[in-house]
1. Using a Förster radius of 35 Å, what is the FRET efficiency between L190 and L35 based on their Cβ-Cβ separation? Nearest 0.05, please.
2. Excluding I201 itself, what net charge comes from residues whose Cβ is under 10 Å from its Cβ, given Lys and Arg +1 and Asp and Glu -1?
3. Taking the alpha-carbon centroid of each part, what is the distance from segment 172-218 to segment 78-152 in angstrom?
4. Based on the Kirkwood radius over alpha-carbon pairs, what value in µm²/s does the Stokes-Einstein equation return for the translational diffusion coefficient of segment 86-149 at 20 °C and 1.002 mPa s?
5. How much space per residue, in cubic angstrom, does the convex hull of the C-alpha atoms of the chain take up?
6. Check each of the GluC sites (Glu not before Pro) in segment 218-307 and keep only those in coil by DSSP with at most 16 other C-beta atoms within 10 angstrom; list them in order.
7. Using the per-residue mean of other Cβ atoms lying within 10 Å as a proxy for protection, in what order, highest first, do the peptides 123-136, 196-209 fall?
8. What is the gain in length, in nm to one decimal, between N264 and V245 on full extension, counting 0.36 nm per residue of separation less the C-alpha to C-alpha distance?
Amino acid sequence: NNPLFVIDGVPLSGNDIAGGGSDAGFGTSSARNPLNFLNPNDIASIDILKDASATAIYGSRGANGVVIITTKKGQTGKGVLNYDYSLGISQVANRYDLLGRDAYLAAYADFNGAQAAAELDGGANTDWQDEIFQTGLAHNHNLAFGGGDNSGDYRFAIGYQDMDGVVKTSGLQKYSARFNGNRKFINDRLRIGTQITVANIHDDNVPITDASGFEGDLIGAMLKSNPTLPVRIRNTEGKEVLNQVSTNEPNPVAMIELSEDFANTVRALGNISAELEIFKGLTFKTVVGIDRSISNRKTAYSKDLKV
């Protein structure tokens, strides 16, 4: 159901470019957004085509609309070096309204009796949302050099992004490099252009899935966890360990700390175009492009997660 994305005249492949998560008992997760390789600082404009007449040129691939992205080019004049840095802060906008310790025990006692509630009481007052959510910081560095004259233009750009997710240990690190160049020949009747983007993306994932079973994924476990249970307890040997109640009631903190899930993706997108003015009012343009990605995703869960 995704629209067709076209970057500088090259339609992107409709396939996933990163690995999806495997099912290790908490369901599967889908790949990341196909545009996460593109540096937002390199985008000059975004146009949306949604009418049948406008999308007809792309055939059936444009049935769900077309998103046309044009990247920045060098400006006429001497070469100019630009650097910018931005810092972003991310937080969960609205937390779930969950019962605290006292309200939870009172509600349980109403349904099952005071004795059952006393047996359920783990002696703690744990806010599981505080245990798995965090304030995420995003650092963005962008460096670009470009210029041009009446016969052409050029622009080189590199970027680095380091973003923490709102769930602990989740995040994204991305390196990107881009070149955009155009040149005119034959009394400005022939225009040759090329755009090349290369990105290396590292995704740190957590057990949040699209198709979890009755056990639930990380968010499901957080919603149903008993707030009177401590996150950690001391075992018979006196060592502090994560408090695992049962296979059906996984500890949300244990799901984060006892799992490792990351994906590495390298993607290259490039094209070369030639536009010839045959005579005034009539031009011929051809574009040859390549869209290539290599990705691997590795997921591991400790045996201690399943008790």
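1. Details: r = 32 Å, r/R0 = 0.91.
FRET efficiency, L190 to L35: 0.65.
2. Numbers: positive: R32, K174, R267; negative: D203.
After counting each charged neighbour, the total is +2.
3. Going from one Cα centre to the other spans 25 Å.
4. Once the numbers are plugged in, D ends up at 133 µm²/s.
5. On the way: hull volume 50.9 nm³, N = 307.
Value for the chain: 166 Å³ per residue.
6. Working: sites: E237, E240, E257, E260, E275, E277; in loops: E237.
The qualifying sites are E237.
7. On the way: 123-136: 15.6, 196-209: 19.9.
Put in order of decreasing packing, that is 196-209, 123-136.
8. Numbers: separation 19, 0.36 × 19 = 6.84 nm, distance 3.38 nm.
So the extension gain works out to 3.5 nm.
The values are calculated or read from the model by the stated rules, or taken from the named source; none is laboratory data. It should be emphasised that the depicted structure is a prediction, and the values quoted were computed from it without experimental measurement. As a convention, Cβ positions derive from the backbone with ideal geometry for all residues, glycine included, and neighbour counts pool all protein chains shown. In case anyone asks, the SASA skips ligands and DNA or RNA and just uses the protein heavy atoms, side chains included. Shrake-Rupley method; radii C 1.70, N 1.55, O 1.52, S 1.80 Å.
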